[in-house]
Amino acid sequence: MEPCVRRARPEDADALLPMIHAHTAFERAEATLDVAALAALLADPVPPCQVLIAERGEVLLGYAALTFDYALWRGSRWAHLDCLYVRATHRGQAIGQRLLHAACAAAKAEGADRMEWQTPEWNERATAFYCRIGAAMTAKTRFALVL
């Protein structure tokens, strides 16, 4: 059975949250999101981010999350691929590629002219994947302030 990619729904929250926690642990971070907040996000008619899931039958295989911003220099809207994650047991099966293609389609549908993202420097497997699909690497130093 081929995996399908679709928008996440509130009823996906219980199965999706452990994957989000696994993703943040893999990236040596921590998720503070809880199941109630995730379900509320997925139920929001105008959510602050779009969440896509890959599933086969009733099994969630991976997810992608998109947010949108505006680039003043280009005078256009762009998409930020906030997350792209595939369960370790399902990697190497083109699920990440399916999620990425679905994220690109969702970004285009929202009027974005490009999609940008980042991955930790040490994540060589992700870097190789992104280079294989034709993504251009942009060197920048990322900063963050906790507000």
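Could you state the orientation-averaged shadow area of the convex hull built on the Cα atoms of the range 4-132, in nm² to one decimal? All intermediate terms of the calculation are to be shown ahead of the outcome.
On the way: hull surface 33.4 nm².
Here the figure is 8.3 nm², rounded to one decimal.
Taking H placed 1.01 Å from N in the peptide plane, check which residues at least 5 places from Ala71 or on another chain put their amide H under 5 Å from its amide H.
Ser76, Arg77, Trp78
Hey, what number do you get for the chain at 222 nm if only DSSP H runs of n ≥ 4 count, each worth -39500 (n - 2.57), divided across all residues, to the nearest 500? Write down the numbers at each step before the final one.
Working: 4 runs with 47 residues, N = 147.
One gets -10000 deg cm²/dmol as the mean residue ellipticity at 222 nm.
When the chain is fully extended, how far beyond the present Cα-Cα distance does Cys131 get from Val46, taking 0.36 nm per residue of separation?
Net length gain for the segment: 27.4 nm.
Just grab the label-to-label distance for Arg74 and His21, each label 7 Å out from Cα along the Cβ direction, in nm (one decimal).
Modelled inter-label distance: 3.7 nm.
Of the candidates Val59, Val35, Val86, which one comes out as most mobile in a Gaussian network treatment of the chain with C-alpha springs shorter than 10 Å?
Of Val59, Val35, Val86, the most mobile in the Gaussian network model is Val59.
Each reported figure results from applying straightforward, stated rules to the coordinates on display, with no laboratory input. Quantities reported herein were computed from a predicted structural model and do not represent experimental measurements. Cβ atoms come from the backbone with ideal geometry, glycine included; neighbour counts cover every protein chain shown.
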